[in-house]
Amino acid sequence: MRRYTTPTIEVTVEGVDLTGCEVYVTLWQQGTEVTTQPGANDVAYDGADTTITVAYTQEQTARLVEGHARMQVNWLDADGRRNATDSAVVQVTGNLLGRVVDHA
């Protein structure tokens, strides 16, 4: 993931059907938390694993610094039970144009 960009990342949660759940994807780095809540159309189950598509804004990626960040998926099921994955390491890289750029 590169700072100040708008990446779309696919996250796979193995062996769990998260369709119909309230899903949160969190990036955490040095005390900074960036949490997104994908929409129902961004969570797909293929019969074995769930794929979550997460889109980040320039402002969100700008909050991170170069280096490693941790990513984790949390969810609430229909009964209100909460669960979470183990965290995974995500590499954050720099950007020479270190500012948000708006479309003119």
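The values are calculated or read from the model by the stated rules, or taken from the named source; none is laboratory data. Only a predicted model underlies this, so the values are computations on that prediction, with no experimental measurement involved. Cβ: placed from backbone, ideal geometry, glycine included. Neighbour counts: every protein chain shown. Side chains are part of the model used for accessible areas, which takes the heavy atoms of the whole protein and leaves out ligands, DNA and RNA. Shrake-Rupley method; radii C 1.70, N 1.55, O 1.52, S 1.80 Å.
Taking every Cα-Cα distance in the chain and sorting them into 5 Å bins from zero, the calculated P(r) comes out as 2, 12, 22, 23, 17, 12, 8, 3, 1, 0 percent.
The charge dipole of the chain, taken about its Cα centre with unit charges on the Cβ atoms of Lys, Arg (+1), Asp and Glu (-1) only, comes to about 540 debye.
Kirkwood hydrodynamic radius computed over segment 14-61 comes to 11.8 Å, based on all pairs of distinct alpha carbons. Of the residues Asp77, Asp17, Asp46, which exhibits the maximal mean-square fluctuation in a Gaussian network model of the chain defined by a 10 Å Cα contact cut-off? Of Asp77, Asp17, Asp46, the most mobile in the Gaussian network model is Asp46. Net charge in the neighbourhood of Thr8 (other residues with Cβ under 15 Å of its Cβ; Lys, Arg +1, Asp, Glu -1) is -1.
Considering only trypsin sites (Lys or Arg not before Pro) in DSSP loops that have at most 11 other Cβ atoms within 10 Å, the longest stretch of the chain without any of them is 1-80. Look at the dipole of the chain built from charges on Cβ: of Tyr4, Asn74, Leu27, the Cα furthest out on the positive end belongs to Tyr4.
Once the 1.4 Å probe is applied to the protein heavy atoms, the chain comes out at 62 Å² accessible per residue. The apolar share of the surface of the chain, taken as the fraction of accessible area on carbon and sulfur atoms (1.4 Å probe, ligands and nucleic acids excluded), comes to 45 percent. In a DSSP loop and with at most 16 other Cβ atoms within 10 Å, the GluC sites (Glu not before Pro) in segment 6-104 are Glu66.
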